[in-house]
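Only the coordinates and a few stated rules stand behind these numbers; no lab work does. Every value quoted in this text rests on a predicted model; they were computed, and no experiment measured them. Cβ placement follows ideal geometry from the backbone for every residue including glycine, while neighbour counts extend to all protein chains displayed.
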Amino acid sequence: MSEIAKTPQPPYYAVIFTSERSEGDQGYEEMAEEMVNLASVQPGFLGVESAREGLGITVSYWESLEAIQNWKQNERHLMAQKRGKSDWYLSYKTRICKVERDYGFEKN
């Protein structure tokens with residue numbers, strides 16, 4: 001996950017998940033990879049970007065609020081959320097926003 005997500009023309013939605021991890025892995029890396037793979041096949045998923053150096057920030061992009069809600073209620077994702085609270089995170093915050101405009105630069 002080291003590239004900028006290719007998203008369509010706005011509007012679309014972004015889910016920004018910011019987290020502080022607890023000590024130890026306890027299966028976190030495997031679950032994080034599984035969640036990205038699972039999210040990527042959900043209807044309405046557009047892409048994801050993620051970085052972690054102490055503070056972790058993952059931004060996933062979605063076609064609609066309905067697609068986001070469906071992902072939040074995915075059974076395997078619900079299990080991962082529960083493990084996150086019990087095993088992996090000291091704290092986290094989720095923010096959902098509508099992308100009205102985007103622009104960028106890419107060197108040839």
Checklist entry - Sequence-distant or interchain residues sharing an amide H contact under 5 Å with residue 74, placed H: which? => result none
Next on the checklist: For a quick check of your reading of the filter: which chymotrypsin sites (Phe, Trp or Tyr not before Pro) in region 9-108 sit in a DSSP loop and have no more than 15 other Cβ atoms within 10 Å?
Outcome noted: 103, 105
Next on the checklist: From the helices alone, meaning DSSP H stretches of at least four residues, give me the mean residue ellipticity at 222 nm for the chain, per-run term -39500 (n - 2.57), in deg cm²/dmol to the nearest 500.
Outcome noted: -8000 deg cm²/dmol
Checklist entry - Dividing the alpha-carbon Rg of region 23-99 by 2.2 N^0.38 Å yields what? => result 1.09
Next on the checklist: How would 65, 90 line up from fewest to most surrounding beta-carbon atoms within 10 angstrom?
Outcome noted: 90, 65
